[in-house]
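The values are calculated or read from the model by the stated rules, or taken from the named source; none is laboratory data. What you are looking at is a predicted structure, and each value in this text was computed from that prediction instead of being measured. Heads up, the Cβs are rebuilt from the backbone with ideal geometry, glycines too, and the neighbour counts pull from every protein chain shown. Each accessible area value is taken on the protein alone, full model and side chains, heavy atoms only, with ligands, DNA and RNA left out. Shrake-Rupley method; radii C 1.70, N 1.55, O 1.52, S 1.80 Å.
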Amino acid sequence: MPNLPVYEDGDTDSGNGGSGLQNILAIDRTTLANERTLLAYVRTALQCMVGGVSLLKFFFDQRAAVIMGWVFLLAGAVLMIVGIVLFFRRRSALQQMHGPGTNHLGIQH
């Protein structure tokens, strides 16, 4: 564990509302949560599209299965677009609140 500055109240956070280790870590947690959410959207979208392709491939002679296959394909595409749009909106909002550039670890946002 790195040596952190300890303030008069015994905390490692300065308590001034705009800096400190807790705020830095909160920003990093929020950024990582946004990325995990994007990955969940992508995973779900891909699963829907794979399900749709499977229905189209293996049940091509059944009308209901073909319709469901196309519904799953379209739903997957919509989920992918929604996930990407939400990710970039949240990332933009985070950058407006905390500034673009690198975080305390030197990792590009």
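Looking only at residues in the stretch 17-45 that are β-branched (Val, Ile, Thr) and at pLDDT 95 or above, the one that is farthest from Phe87 (Cα to Cα) is Thr44.
Checked against (1) in contact with a helix residue (DSSP H, G or I) (Cβ under 8 Å, 6 or more places away or on another chain); (2) of a type in the set (Gly, Ala, Ser); (3) open to solvent by 50 Å² or more (accessible area, probe 1.4 Å), Ala64 passes all but a single condition, namely (1). The selection criterion, being among the aliphatic types (A, V, I, L, M) and either closer than 30 Å to Ala93 by Cα or in contact with a strand residue (DSSP E or B) (Cβ under 7 Å, 6 or more places away or on another chain) (or both), holds for Leu39.
Figure legend. Inter-residue proximity from the stretch 80-109: first residues closer than 21 Å to Ile24 by Cα, second residues of a type in the set (Asp, Glu) and at pLDDT below 90, beta-carbon distance below 9 Å, spacing 6+ or different chains. Indicated pairs: Asn103/Asp28; His104/Asp28; Leu105/Asp28; Ile107/Asp28.
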